[in-house]
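The values are calculated or read from the model by the stated rules, or taken from the named source; none is laboratory data. What you are looking at is a predicted structure, and each value in this text was computed from that prediction instead of being measured. Cβ coordinates were reconstructed from backbone atoms using ideal geometry, including for glycine residues, and neighbour counts include every protein chain displayed. Ligands, DNA and RNA are stripped out before the accessible areas are found, and what is left, the full protein with its side chains, is counted by its heavy atoms. Shrake-Rupley method; radii C 1.70, N 1.55, O 1.52, S 1.80 Å.
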Amino acid sequence: LIGNGPSGICLSYLLSGYRPYLSPEAIHPNPILHTKLEEARHLSIVDQDLEYLSEGLEGRSSNPVAVLFDTLLHPDADFGYDYPPVLHWKLEQHNYIPHIVLGKGFYSCFSMEGSMLTISFGDWMELPGLTFKEWAASKRRNIKSDRVMPEEIARYYKHYVKVMGLQKNFRDNVYITSVSRLYRGKDDEERSEVNETISTQHLEMEDEQKSLIKRNWEVRGYQRATDGSHVPFCLFAENVALATGSFDSPGRLQVEGEDFPFVLHSMSDFGAAISKGKFRGKADPVLIVGAGLTAADAVLCAHNNNIPVLHVFRRRVTDTSLIFKQLPKKLYPEYHKVYHMMCTQSHSVDCNLHSAYTSFPEHNVLSFKPEMKCVLQSASGLKKILKFSVALVLIGSHPNLFFLKDQGHSIGHHSNQPITCKGNPIEIDPYTYECTKEANLFALGPLVGDNFVRFLKGGALGIARCLAIRQKKKHELIEGGDGGGDGVP
């Protein structure tokens, strides 16, 4: 498993032998689904037909198993109900599947700064078998609202790995440099460099054993030791699951001057600039580019630190695809405060720029100049030059799959294009999450379009079921031999 965020943790939980069953007293509010669950009450969900159970369900994910698992864990959540899960969990040691979880800094995807609340409710961020409220109570933490701070979620995940006994499978401070087949191409003679040293004896194995080796992956990388040194490693796996998320590569405008040191691309860099006192006594505002939630967080952060803002974005404020249109005002008042400013404090409302905040809807950045100026162009073609102290470009991020052949461009829905979480996710079988264009390679989470923790858990369910079936078949092959131990290893 490559990635130790919530996707990797949840998959490790299921591969460690934890199995979900329909609770004896549970009644799912969807009567058709409940009838299906009753038919095989004695079986865990992992051992049931996920396609059959998923049929007819609707939800906020395009992956049917994600919708299924979400409705079992949070029945009718999208209708505002807070029903308890209809599942209970059992640890079945005989269902353990050997695995290792490789990741960078522990849960780096949640190392956000400061006072920002998560976009999801706390219980939507939780993992199976331990509710967020139970954890908060055990730590005597006073959770004042349904939405919580990212660092609270990170602590919850860290505790989850420990209390569920998953730590032995986790290797942290690990950086992957390559994931490749032992053999490349259709012909056995097209071998990768690493296999030039394989002896002739190995190359003359039975066809079945050859095909097994062809399926194997070689994973290379290094682990950063406590003294800062790099310890290289190479390991082999029959299956690889990609759970790297989408935060690796910040989106770029690809304009002149974007590489100047005063043009930043992350909230952490902005926070560091504030901590270093870069805005102390400065009259020039921060220039924020983007109209998503991260850009809104930056506006709020600047506002809380009394830093004036110039806010530039390409869309109209009435654009229905803006994220603010999808968030209820009562639950997300701070984001609607930003949206209100975007609409009412535009540069076009009057000729004087507002002292604290000014928006520039329907504007593109043409270039950054060395004297800390930015050239903008409006939808009508009119150009403007703005002076700023620091520019912050927050236009989304993309997964970085540099460790795969051709950076993974061949496994998306659109071949030979970069993988993106919205426009070009990895193409998978909807029930096993195996890549349709690369056998024994799996993907889950944002890489397949599930950006919310609520839905990435379905990927873990699909993969765990697929691997459990294959492990069972492999054991049957071994046990079904002629007594000479000739089964496939």
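Which value, in debye to the nearest 20, describes the size of the charge dipole of region 250-396 about its Cα centre when Lys and Arg Cβ atoms bear +1, Asp and Glu Cβ atoms bear -1, and nothing else is charged?
Numbers: 17 positive and 11 negative charges, 42 e Å.
Approximately 200 debye in magnitude.
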Check: Modelled label-to-label distance, VAL231 and GLU51, 7 Å Cα→beta-carbon offset: nm?
Finding: 4.5 nm
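Apply 1/(1 + (r/R0)^6) to the Cβ-Cβ distance of HIS340 and ARG315, taking R0 = 25 Å, and write down the FRET efficiency to the nearest 0.05. Could you put the intermediate results ahead of the total?
Values: r = 16 Å, r/R0 = 0.64.
Between HIS340 and ARG315 the formula returns 0.95.
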Item checked: Ratio of Rg to Rh over region 5-103 (Cα coordinates, Kirkwood Rh, two decimals) -> 0.97
Checklist line | region 60-73 - phi-based ³J(HN,Hα) in whole Hz, Karplus 6.51/-1.76/1.60, Gly and Pro as x | finding: 8, 10, 8, 9, x, 5, 4, 5, 4, 5, 5, 6, 6, 8
Checklist line | Residues of region 250-396: accessible area per residue with a 1.4 Å probe, Å² | finding: 51 Å²
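Checking the a/c ratio against 1.5 first, then a/b against b/c, what shape does the Cα gyration tensor give for region 250-396?
Values: a/c = 1.42, a/b = 1.16, b/c = 1.22.
In terms of gyration-tensor shape, rounded.
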Checklist line | Principal axes of region 310-469: Cα extent on each, largest first, Å | finding: 67, 41, 27
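Of LYS405/LYS473; LYS337/LYS383; LYS276/LYS373; LYS90/LYS158; LYS325/LYS384; LYS133/LYS158, which sit over 18 Å apart, Cα to Cα?
Values: LYS405/LYS473 30 Å; LYS337/LYS383 28 Å; LYS276/LYS373 22 Å; LYS90/LYS158 21 Å; LYS325/LYS384 29 Å; LYS133/LYS158 15 Å.
From LYS405/LYS473; LYS337/LYS383; LYS276/LYS373; LYS90/LYS158; LYS325/LYS384; LYS133/LYS158, over 18 Å: LYS405/LYS473; LYS337/LYS383; LYS276/LYS373; LYS90/LYS158; LYS325/LYS384.
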Item checked: DSSP-assigned coil residues among trypsin sites (Lys or Arg not before Pro) in region 215-280, each with at most 10 further Cβ atoms within 10 Å -> LYS276, ARG280
